[in-house]
Amino acid sequence: MINNHTQSIAYFSMEVALSPLIPTYSGGLGVLAGNTIRSAADLNVPLVAVSLLHREGYFFQHLDAEGWQSEEPVEWVVADALTEMSARVSVDIEGREVQIRAWRYDVVGIGDFVVPVYLLDTDLPQNSEWDRTLTDRLYGGDQHYRFCQEVLLGIGGVRMLRALGHTDLRRFHMNEGHASLLTLELLDERLGESQHSALTADDLEAVHDQCVFTTHTPVPAGHDQFPMELVSRVLGRRDVYDMQEVFCCEGVLNLTFLAMNLSHFINGVAKRHGEVSQHMFARYEIDSITNGVHAATWTCESFRKLFDRYIPGWQEDNFNLRYALGIPPDEIRIAHEEAKRRLVREANRLTDADLDEETFTIGFARRATAYKRPELLFHDLDRLRHIAAQGGPFQIVYAGKAHPRDETGKQIIHHIFEARRALRDQIRVVYLPNYDMQLGGLLTSGVDLWLNTPEPPMEASGTSGMKAAINGVPSLSILDGWWIEGCIEGITGWAIGEDGHNEQQSDTATDAESLYDKLEHSVLPLFLEDNAGYVDVMRHAIALNGSFFNTQRLMQQYVLKAYFE
Ligand SMILES: *Cc1c(COP(=O)(O)O)cnc(C)c1O
C-alpha cells in the first residue's frame with residue numbers, strides 16, 4: 001500500500017510504552033502510542049515518532065500493608081536501552097537556549113520495516129541545573145514545568161526531526177494536546193521561508209493540511225490549558241497574542257483548541273467518544289477511530305502458539321482472528337488454563353495472596369482514580385459474600401497506580417485493602433503492586449473475567465478489555481468507551497447497566513446492583529454449570545473483538561482517513 005518513496009508521518013506523543021524495560025509511560029495514552037507505532041512498523045507505514053525521555057520513568061509504586069501508596073523513581077540505564085544520536089537542537093525557554101539531544105529506539109515490524117522513535121533529553125552539561133531536569137518526570141512538577149515540557153516536545157521535536165534529516169514530512173500527528181505547540185513551529189517555518197512579515201491565510205491553511213489531532217478526553221476539564229501570561233513568559237514572545245483566533249481565548253492557551261484549529265483531521269478514540277467530543281466542540285468536524293491494541297504484543301504465549309497452529313497469518317493480518325471460531329473449545333480452555341496458572345503463580349510469588357488455580361478469577365486493573373470507580377465491586381460487601389456463597393466461589397485480582405498527587409486515588413487503593421480484610425474469610429482479594437505493561441499482560445490473559453466500571457461518559461475508550469478479548473477473556477463492563485461497540489450480551493461478554501446515551505447521571509447504587517445481578521445470574525452460572533457455554537463466549541471475544549479492536553485496523557484507518565488521503 002505504501003512505497004519507499006512516500007513521505008513520512010511524524011507521530012508525537014508525551015508518553016510512549018515501547019518495552020517493559022523503558023518506563024516512559026504512565027498508562028493508556030502511552031500504551032496506545034506504543035501499539036500504534038508497532039502496527040505502523042508491521043504495515044510498512046513510514047512513520048517516525050517523537051516523545052520525551054522521562055529519565056525517572058513514571059514511578060515505581062510501593063504499597064504498604066494498609067494499602068498506602070508511595071512512589072520511587074524507576075531505575076533504568078538509558079544507554080542500555082537506547083542509542084544516542086549526535087544531532088543537537090535548541091529551543092528558547094524564558095530567554096535561555098535549552099539544548100536538546102535525542103535517543104533512538106527502533107520498533108521493528110513483522111517484515112523488518114523499522115519505525116524510529118526519538119526520545120528528547122535536556123540532561124546536557126551546557127544546560128542549567130533546572131533545565132537539565134525538564135525531561136525527567138512524566139506528568140511531574142507544576143504547570144510551569146509541564147508547559148516547558150510541551151515546548152520541548154512540540155517545538156524541540158520538530159527541530160530535532162529536521163536536524164535528523166526529516167525535511168520532507170507529510171503529516172504531523174498529535175496524540176493528545178501535549179504536542180500542540182508543534183503547530184507554532186510549523187507556522188514559524190513557513191514565515192521563515194516566505195518573504196512576508198506576518199503569517200497569511202495561506203500559511204494557516206498549509207499547516208492545517210499537514211496536521212492530524214487525536215483527542216482522548218471526554219470532559220472539558222481534562223484538556224490541557226495554560227495562562228497566556230505563562231505562555232508568553234516561557235516562549236519569550238508576544239506575537240502569539242496577535243494570532244488570537246488560533247492561539248487563545250480569554251487569557252488561556254487551550255492546547256486542544258490550538259490543535260483543532262490547525263488540523264485537517266480530528267478524531268475521538270471510540271464512536272461514542274467522537275460523538276461526545278463533537279457535542280463539546282460543535283465548531284469542528286470530529287471523526288472517530290476506535291482504539292485498539294497490538295495483537296502480537298498482547299497475546300500471551302499459549303494463545304500465540306494456538307493461533308500460529310490454527311490461524312496462520314494472524315499476525316500479518318489481524319482480521320484472520322475471526323477464524324478463532326474454528327478452534328476446538330478444548331484447545332481454548334487449555335491455552336487459557338496455562339495463562340491463568342502463570343498469573344496465579346506470579347501473584348502468589350509477589351504477595352501472600354494464596355490464589356487458587358481452579359477458582360473463577362475476576363481482574364480489575366486501571367489507574368486508581370475516582371471516575372474509574374475501582375470500588376464499585378465492593379459497594380455492598382454482604383451482597384458480594386452472598387454471591388460467593390450461593391453463586392459459587394470467586395477470587396479477585398486488582399492492580400493500578402494512583403497519580404502521586406491524586407489523594408482520592410490513593411484513598412481508593414487503601415479502601416480496597418480494607419475491603420480485602422473484611423472479605424478475608426469468604427473471598428480472596430489481592431492488589432498487585434506496580435501495574436505496568438508486563439503485569440498488564442499477565443492480568444489481561446490470566447483472569448477469567450475482565451471487569452471495568454467507569455462513570456459514563458468518562459471512559460474515552462479503554463484498551464485493557466481489548467487485550468483481554470484477544471486472549472479469550474470476556475469483559476463485564478459499563479457501557480461506555482469501546483465496550484458500547486464491543487459488547488454483544490452473552491456472546492462477547494456482559495454489560496453493566498444500560499446505555500443511557502449520557503442523558504441520565506450514572507448512579508453508583510444502580511450500577512453496583514446491575515454488576516451483582518450479572519455476576520450472580522449470568523456469569524458465574526455459565527462458568528460453573530455450562531463451561532462449554534463459557535468457552536464459547538471466550539471464542540467469540542477473540543473472533544469478534546480481537547479481530548477488530550487492534551491497532552492494525554486503527555493504523556489502516558489513519559492511513560485512509562488522515563495520513564495519505
Ligand atoms: C493497557 C494498559 C493501560 C490502559 O488500559 P485501560 O483499559 O485504558 O485502563 C494502562 N496501563 C497499563 C500498564 C496497561 O497495560
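The values are calculated or read from the model by the stated rules, or taken from the named source; none is laboratory data. Here the structure is a predicted model, which means the values were calculated and not measured. Here Cβ is always computed from backbone atoms with ideal geometry, including for glycine, and neighbour counts include all displayed protein chains. Just so you know, the surface numbers come from the protein's heavy atoms only, side chains and all, with ligands and any DNA or RNA stripped out. Shrake-Rupley method; radii C 1.70, N 1.55, O 1.52, S 1.80 Å.
Summary of values
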quantity	calculated
Any hit, the stretch 344-364, residues being over 25 Å from the mean Cα position of the chain (by Cα), part of a helix (DSSP H, G or I), closer than 30 Å to A543 by Cβ and modelled with pLDDT of 95 or more	yes
Count - residues of the stretch 28-57 that are under 23 Å from L181 (Cβ atoms) and within 12 Å of the ligand (Cβ to nearest atom)	6
Failed item, numbered, when E84 is tested on (1) closer than 18 Å to G177 by Cα; (2) more than 16 Å from the ligand (Cβ to nearest atom); (3) of a type in the set (D, E)	(1)
Number of the condition not met by F319 [criteria: (1) under 23 Å from the mean Cα position of the chain (by Cα); (2) open to solvent by less than 10 Å² (accessible area, probe 1.4 Å); (3) within 18 Å of Y558 (Cα to Cα)]	(2)
Conditions (1) at pLDDT 95 or above; (2) assigned to a loop (DSSP other than H, G, I, E, B): number failed by E56	(1)
Elements of type strands (runs of 3 or more DSSP E) contained in the stretch 59-152, each with 3 or more residues being surrounded by 13 or more Cβ atoms within 10 Å (Cβ to Cβ) and among the aliphatic types (A, V, I, L, M)	89-93, 96-108, 114-121
Pair list, Cβ under 7 Å, 6 or more apart: the stretch 476-487 residue in contact (Cβ under 8 Å) with a residue 60 or more places away in the chain, other residue surrounded by 24 or more Cβ atoms within 10 Å (Cβ to Cβ) and hydroxyl-bearing (S, T, Y)	G481/S461; W482/T290; W482/S461; E485/T290
Any hit, the stretch 486-496, residues being at pLDDT 95 or above, among the polar types (S, T, N, Q) and away from the ligand (no atom under 11 Å from the Cβ)	yes
For M174: the one exception among (1) crowded, with 18+ Cβ neighbours inside 10 Å; (2) in a helix (DSSP H, G or I); (3) touching a residue at least 24 places away in the same chain (Cβ under 8 Å)	(2)
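Residue by residue, here is whether (1) under 22 Å from I496 (Cβ atoms); (2) away from the ligand (no atom under 11 Å from the Cβ); (3) crowded, with 21+ Cβ neighbours inside 10 Å; (4) small (G, A, S) holds:
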site: H415; (1), (2), (3), (4): yes, yes, no, no
site: I427; (1), (2), (3), (4): yes, yes, yes, no
site: P433; (1), (2), (3), (4): no, yes, no, no
site: G441; (1), (2), (3), (4): no, no, yes, yes
site: L449; (1), (2), (3), (4): yes, yes, yes, no
site: N452; (1), (2), (3), (4): yes, no, yes, no
site: G462; (1), (2), (3), (4): yes, no, yes, yes
